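The values are calculated or read from the model by the stated rules, or taken from the named source; none is laboratory data. All of these numbers come straight from a predicted model, not from anything done at the bench. Cβ atoms come from the backbone with ideal geometry, glycine included; neighbour counts cover every protein chain shown.
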Amino acid sequence: MTAVQRAAHFPAVNDALRQRAALVRAAVFQREDFVFAELRKAISWSRTRPRLFHYRTRSGGEVDFMLEDAAGRCVGIEVKAGASAGGRDFRGLRELGETLGERFLYGLLLYAGREPVPFGKKLHAVPLENLWTVAAEHVSGLEDGMEAEETP
């Protein structure tokens, strides 16, 4: 019998596990809302004004945020509540990269860890606390090689 199966026999432990799972889900959603708000701010001062999307496939793959510039170049951003990142956390970003091909510039996983970590070509885990630097660099990165738009 596994620990989870044994825990099911103890209602108090089972309730505690359910509550912890609910807290983790809430933390992820709160972080996603926070990241959404910060990206919207960064987009408001960007010269190219990339469009912001949520990406989901029929097979269930998803990326929390996708920024696309007028030339169709894209950056994917996934938000994770945990303090560690692993290869499986990049599944949606990898799918996005395969789908977009050359249009895919890079994928970022914002997480609760302390260090930026590369996860292969064009994929990086970046601490959530670096969001402002990341947003500034990557929204500006979409602007590289493009003509500045006139602002009214």
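Picking from residues in segment 104-123 that are crowded, with 18+ Cβ neighbours inside 10 Å and either at positive phi or touching a Pro at 6+ places or on another chain (Cβ under 9 Å) (or both), the one that is modelled with the highest pLDDT is 110. Taken over segment 108-128, the criterion of being outside any strand (DSSP E or B) and either of a type outside the set (Lys, Arg) or over 11 Å from residue 93 (Cα atoms) (or both) is satisfied by 112, 113, 114, 115, 116, 119, 120, 121, 128.
Out of everything in segment 62-93 that is among the small types (Gly, Ala, Ser) and within 18 Å of residue 42 (Cβ to Cβ), what residue ends up being surrounded by the most Cβ atoms within 10 Å (Cβ to Cβ)? That would be 76.
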